[in-house]
Amino acid sequence: MKRRLFLIAAAALTLPSLALAHGPTRQKVTVTAEVAADPADVWAAIGNFQDMSWHTAVHSSTGEDGNDIDATRQLVLGAEGGPTIDEVLYKYSAEKMSYSYRITEVKVEVLPVTNYSSHLTVKPRDGGGSLVEWRGAFYRGYPNNDPPEELNDAAAIAAVTGVYQAGLDALVERFGAPGS
């Protein structure tokens, strides 16, 4: 009986420290924008996995295999010779106006994330126009406990949110907001 009580007490004291010892948790971000254009027009602008010229942060994009599953692309950010992000397409539906992709290579100094996947979709909006949704899931750029500030969860969430918001703002600028 004493041994059993000892084991229960030991477990009770150990469990809180195990909770503190876990690594990072998967973060999720969803950003949406409403645009005045018909979904087919918005999809025509963003639906080609090989072409991200609609995003203001992307200087150029090159890739292989179009919109086929396992197609690849490399984004050059900012200007010629800028930092790059390599991505692979793993889901694509022109009918549903959506695609999903993963980052295969990026320096955490460029985007402070690891194990990143994303989904971009265009839907009809009640009352006309479109709803564009961009969502992602990822881990922070530093996989261990006690990350530096620039690689912690908050930095990862802020960076991904900023990327999504800049892209969606560019679509609103291009197509207009509903009712404007």
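Rule-based calculations on the coordinates, nothing more; no lab input. All values reported here derive from a predicted model rather than from experimental measurement. Cβ coordinates were reconstructed from backbone atoms using ideal geometry, including for glycine residues, and neighbour counts include every protein chain displayed.
Shape descriptor for the chain: Rg over Rh equals 1.15 (Cα atoms; Rh from the Kirkwood inverse mean 1/r).
The simple spin-label model puts a point 7 Å past each Cα toward its Cβ; for residue 65 and residue 174 those points are separated by 2.5 nm. As a length-normalised measure over Cα pairs under 8 Å and 6 or more apart, the relative contact order of the chain settles at 27 percent. Mind checking the angle between helix 2-21 and the chain's longest principal axis? C-alpha axes, 0 to 90 degrees, to the nearest 10. The angle comes out near 30 degrees. Here the label points at residue 51 and residue 109, each 7 Å from Cα along the C-beta direction, are separated by 3.3 nm in the simple model.
Only DSSP H runs of four or more residues enter the estimate; each adds -39500 (n - 2.57), and after division by the residues of the chain the mean residue ellipticity at 222 nm equals -9500 deg cm²/dmol. Under a Gaussian network description of the chain, with springs only between Cα atoms under 10 Å, the residue in 140, 26, 73 that fluctuates furthest is 26. If the cut-off is a Cα-Cα distance under 14 Å, which aspartates and glutamates reach residue 91, setting aside same-chain residues fewer than 8 apart in sequence? Counting by Cα, and skipping residues close in sequence, residue 91 has these aspartates and glutamates nearby: 65, 68, 70.
Over all distinct Cα-Cα pairs of the range 110-180, the Kirkwood formula returns a hydrodynamic radius of 13.8 Å.
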